[in-house]
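Just below is one structure, and these are the notes that go with it.
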Amino acid sequence: MSSYLFSRVIQTIVTLFVMSLLVFVGLYLVGNPVDVLLSSSATPAERLEVIQAFGLDRPVWEQYFVFLGKALTGDLGNSFVFNQPALDLILQRMPATLELAFVALVMALVLGIPLGIYAGLKPHSLVSKSIMTFSILGFSLPTFWIGLIMIMVFSVQLGWLPASGRGQTVELLGVPVSFLTWDGLSHLILPAFNLALFKISLVIRLTRAGVMEVMQLDFVRFARAKGMPESRILRVHVLKNTLIPLITVIGLELGSLIAFAVVTETIFAWPGMGKLIIDSIAVLDRPVVLAYLMITVIMFSVINLVVDILYSVVDPRVRLEGGSR
Amino acid sequence: MTRPILSIDDLNTAFKVGGEWRNVIRDVTFDIAERETVAVVGESGSGKSVTAMSIMRLLGPNARSTGRIEFEGQDLLSLPMDLMQHIRGNRIGMIFQEPMTSLNPVLKIGDQITEVLMQHRGMDQGKARAEAVRLLDKVRIPSAQARLNEYPMSFSGGMRQRVVIAIALACEPKLLIADEPTTALDVTIQAQILELIKTLQQEEGMSVLFITHDMGVVAEISDRTVVMYRGDIVEADTTERIFRDAAHPYTRALLSAVPQLGSMAGEPRPLRFPIVDMRTGEAQPVKPTADTVRTDEAPILKVDHLVTRFPVRKGILQRTVGNIHAVEDVSFELRKGETLSLVGESGCGKSTTGRSIIRLTDLTSGSVTISGRDVASASKTELASIRRDAQMIFQDPFESLNPRMRVGDAIAEPMVTHGLVNRADARQRVGKLLEQVGLSPAMADRFPHEFSGGQRQRVCIARALALDPKLIVADESVSALDVSIKAQVINLMLDLQEQLGLGYLFISHDMAVVERISHRVAVMYLGEIVEIGPRQAVFENPQHPYTRKLMSAVPIADPTRRRVRNISNDEIRSPYHDAGYTPAPLHYQEVSAGHFVQMQAVEKAA
């Protein structure tokens, strides 16, 4: 197990290294941030000063090694725009995004799994067909459009829920969260549901397919021949087997929920890190983009690790193996 | 006679196919008395499993049954579902064919046993676990206590079937329904499970309904036998009378097609099966087999000290930590017109030997020569030309034909690939080949799904013949076929051997078929040949303990020859060894002319 963890950490470090190299070179090729940041009225002297301050006058490989050296000490550089440490900028906004993503995930599971089970058990009923139609809509309608419609209906016309911002927050273990206050919760519902819609559809489909597949298997028939009631067959025999593929996909999807909540955050003016990264890419704020992507890589790795561990808990056939036996 | 424990009266079961109800079994009527074993026997599609499932009402919403199934004074068909659940697993236990899939892979063995006890017996967790240990002991699973916390994956097929039996018998049912319980198991394991069912039946005093296609198993286990054919019962009688003088032509046809171990005593050459007409019950006389073995020519296949190992890699660096010694120091020769059978149980390396010979699997060391050309060192083009001489037929005719290719094209493909014929000639040749294997040339335009299993295997044979091979490696080629079809395909293979002088390397686990078809036999165990020789010598004078064990495990299709057998509870051992292991060199002793037996180191004795 420890050697397994060790090999996973090595893999993450290699990924981080390759990713940073790609982003560094990529952004270098796209353009010069100085052109974007400085107004056209800046004098050549001012220009030169800024270039030197950012270290952009040195060859790109040298810039990369400077970055690497600093990164090893935990310093990912200062934002070109805000002149603050890039890491701090991102960490300030991360709790908002994480909260949004987790609430969306919970919604996806709490709504998706029961609906999926129902649709899998009674695939020909009218309700199941409605559930499946809903999931097709969830898949195919663009997030931003649904977000706008939701604002129009629930905020503008009905006036039930607020349309933007995070509302009142309270500190939980030193981190500001919204879901513990009524005001915060009301601000959270629309964006979280908007973000969750696609995932709900996905979970419904995966669960339905899993249930339909497992119900056909021999051990379900054998459980019936043992005289087990249907409720127990579903709860014990079917559900655990259905969860196995679900865990993998959900793990990956959680990563993408966090990393790509950009659209929803923009529509609902949610003060998360998605907005920050879009702005930073626009002005080629390399330190922020790099720091953001590195955090994303680490987050994905951790999530994948958790998924693998969960997997081995649910499915005894999976054994975690690392360097040696 | 006492009142029957189960009484089936006019049972009809229909399936809904495309909005229409289609009858699958018609007017099935039979009884099972207390402590009696009744076998329902038939080929695929006979409705024997549907009968069993109808009794338990396990067929789901797409099926409906009418008639009466009376069990302990209740009609099961009209019972509400909650009362039916009380019968299932409690009063009637059931076991299925596939032990590998009958158990839930993600639940511990212990939980799968205790849930039945808690459901039907109202036991609490602690009591149920104690009872589960007792049950595992009863089905002869060693160190039962410790194994409760294991998952099905750490049990072998035979052990899993024992667990399934333990579950089915947990509540001491009055009736056990066993649906092909040994079909998926190796023959020595099958013997163990049959013995276990018999013993437990006597201990518990229950009745058994035994569903099988295997006449040998029927003769071993049942008191009475019900023969089914396409959904109807054609005959029902005591097992002895069925085997002695069956009344119905179908039963006679079925019995004559069953290969019987020991029936070839004194017969020097392979023998065709008598084919009995299913309507009249009359048998065609068996054509005597010609002597096809060409001892005057050089052997077409020479295998010399063949070794094939599969490395087992672990860790980041993928170091080889051990090897599966699939084939270990195997040597033999095969002549034109000769059939050499490789026989053994699963994991003995017989299939790997076959695959290594035409290099579908790369060999580790040793040499293989086909028609004087070395296979191991052949380049890609050389290998292609060698493979023209050596073709393969696989076990599953459903999977070895491309479902989207017309069979004519499938047969023509090898000829076209090797550039032997143009398209127009290919068609003619395909027609001839189809005729040769007993099909009509007009069938070339059909797709594989339009054929039955036996016909598909004929198509596979035609495809193998397309390149005029000298050697055919037949890997379990008749194992998936029903008995009557199996007999026909074996007869066809013998015909072709006479006409074309083919050499067969016949790989099989079925001792009785092997006895019928081979000139020579090699018995494999853990990757090694333990005994090889002329068929008569090996079968009539088996020398190696493993050969003897294998032969005594084969059920004999004759109820008057039932034996009391001493059956060990051995598992089949694994051919895995840690890296660096060097097997001891093998030594053989010649018992009689051409009959070699491995000299046994003491620990090797099976």
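What pairs come out if I take residues in the range B:278-294 that are farther than 22 Å from B:Pro268 by Cβ and not assigned by TED's automatic domain parsing to the domain that holds B:Gln488 and pair them with residues that are hydroxyl-bearing (Ser, Thr, Tyr) and not in a loop (DSSP other than H, G, I, E, B) whose C-beta lies under 7 Å away, six or more apart or interchain?
Listed by first residue and then by second, the contacts come to B:Met278/B:Tyr250; B:Ala283/B:Ser256.
Inspect the range B:305-316 for any residue being at pLDDT 85 or above, of a type in the set (S, T, N, Q) and crowded, with 17+ Cβ neighbours inside 10 Å and give the result as yes or no.
Yes, some residue in the range B:305-316 is at pLDDT 85 or above, of a type in the set (S, T, N, Q) and crowded, with 17+ Cβ neighbours inside 10 Å.
Counting residues that are more than 10 Å from chain B (Cβ to nearest Cβ), which helices (runs of 4 or more DSSP H) fully inside the range A:174-264 reach at least 2?
A:182-215, A:239-259
Collect the residues in the range A:163-188 that are at pLDDT 80 or above and surrounded by 18 or more Cβ atoms within 10 Å (Cβ to Cβ), keeping them in residue-number order.
A:His187, A:Leu188
Please report, ordered by residue number, the helices (runs of 4 or more DSSP H) entirely within the range B:109-170 with at least 2 residues that are modelled with pLDDT of 90 or more and in contact with a helix residue (DSSP H, G or I) (Cβ under 6 Å, 6 or more places away or on another chain).
Counting at least 2 such residues, we get B:109-121, B:125-138, B:157-168.
Please tell me if B:Val430 is surrounded by 15 or more Cβ atoms within 10 Å (Cβ to Cβ), assigned by TED's automatic domain parsing to the domain that holds B:Leu481 and of a type in the set (A, V, I, L, M, F, W, C).
On the way: surrounded by 15 or more Cβ atoms within 10 Å (Cβ to Cβ): yes; assigned by TED's automatic domain parsing to the domain that holds B:Leu481: no; of a type in the set (A, V, I, L, M, F, W, C): yes.
Criteria not met by B:Val430.
Hey, can you tell me all the residues within the range A:192-210 that are crowded, with 23+ Cβ neighbours inside 10 Å and over 20 Å from A:Thr97 (Cβ atoms)?
If the condition is that a residue be crowded, with 23+ Cβ neighbours inside 10 Å and over 20 Å from A:Thr97 (Cβ atoms), then A:Ser201, A:Val203, A:Ile204, A:Thr207, A:Arg208 are the ones that fit.
Which numbered condition trips up B:Thr101, out of (1) at pLDDT below 90; (2) under 31 Å from the mean Cα position of the chain (by Cα); (3) more than 8 Å from chain A (Cβ to nearest Cβ)?
With respect to (1) at pLDDT below 90; (2) under 31 Å from the mean Cα position of the chain (by Cα); (3) more than 8 Å from chain A (Cβ to nearest Cβ), B:Thr101 is out only on (3).
Residues are listed down the side, and each one gets a yes or a no for (1) within 12 Å of chain A (Cβ to nearest Cβ); (2) under 23 Å from the mean Cα position of the chain (by Cα); (3) hydrophobic (A, V, I, L, M, F, W, C):
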position	(1), (2), (3)
B:Asp137	no, no, no
B:Arg140	no, no, no
B:Ala146	no, no, yes
B:Asn149	yes, no, no
B:Met159	no, yes, yes
B:Arg162	no, yes, no
B:Ala170	yes, no, yes
B:Lys174	no, no, no
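Run B:Ala132 past the list (1) within 14 Å of chain A (Cβ to nearest Cβ); (2) surrounded by 23 or more Cβ atoms within 10 Å (Cβ to Cβ); (3) under 30 Å from B:Leu11 (Cα atoms); (4) of a type outside the set (Val, Ile, Thr) and report the number of the one that doesn't hold.
Of the numbered conditions (1) within 14 Å of chain A (Cβ to nearest Cβ); (2) surrounded by 23 or more Cβ atoms within 10 Å (Cβ to Cβ); (3) under 30 Å from B:Leu11 (Cα atoms); (4) of a type outside the set (Val, Ile, Thr), the odd one out for B:Ala132 is (3).
Please find, among B:Gly73, B:Gly89, the residue that is surrounded by 20 or more Cβ atoms within 10 Å (Cβ to Cβ) and either out of contact with any Leu (no Cβ under 8 Å at 6 or more places or on another chain) or within 13 Å of chain A (Cβ to nearest Cβ) (or both).
B:Gly89
Could you check how many residues of the range A:144-159 are touching a residue at least 12 places away in the same chain (Cβ under 8 Å) and surrounded by fewer than 16 Cβ atoms within 10 Å (Cβ to Cβ)? Lay out the reasoning, then the answer.
Here is the first cut: in the range A:144-159, the residues touching a residue at least 12 places away in the same chain (Cβ under 8 Å) are A:144, A:146-148, A:150-151, A:154-155.
Of the ones still in play, those that are also surrounded by fewer than 16 Cβ atoms within 10 Å (Cβ to Cβ) are A:144, A:148.
Residues flagged as touching a residue at least 12 places away in the same chain (Cβ under 8 Å) and surrounded by fewer than 16 Cβ atoms within 10 Å (Cβ to Cβ) within the range A:144-159 amount to 2.
Identify the residue in the range B:257-304 that is out of contact with any helix residue (DSSP H, G or I) (no Cβ under 8 Å at 6 or more places or on another chain) and outside any loop (DSSP other than H, G, I, E, B) and, among all such residues, is nearest to B:Lys486 (Cα to Cα).
Among those residues, the one meeting the criterion is B:Lys302.
Working carefully through the options B:Leu363, B:Leu383, find the one that is outside any loop (DSSP other than H, G, I, E, B) and among the aliphatic types (A, V, I, L, M).
B:Leu383
Looking at (1) among the β-branched types (Val, Ile, Thr); (2) part of a helix (DSSP H, G or I); (3) more than 26 Å from B:Arg573 (Cα to Cα), which is the only condition B:Val217 fails?
So B:Val217 meets the others, but not (3).
Quick one: is B:Ser479 farther than 23 Å from B:Arg335 by Cβ and in contact with a strand residue (DSSP E or B) (Cβ under 8 Å, 6 or more places away or on another chain)?
Criteria met by B:Ser479.
The values are calculated or read from the model by the stated rules, or taken from the named source; none is laboratory data. As the structure is a prediction and not an experimental result, all values here were calculated from the model. Don't worry about glycine lacking a Cβ; one is built from the backbone with ideal geometry, like all the others, and counts go over all protein chains shown.
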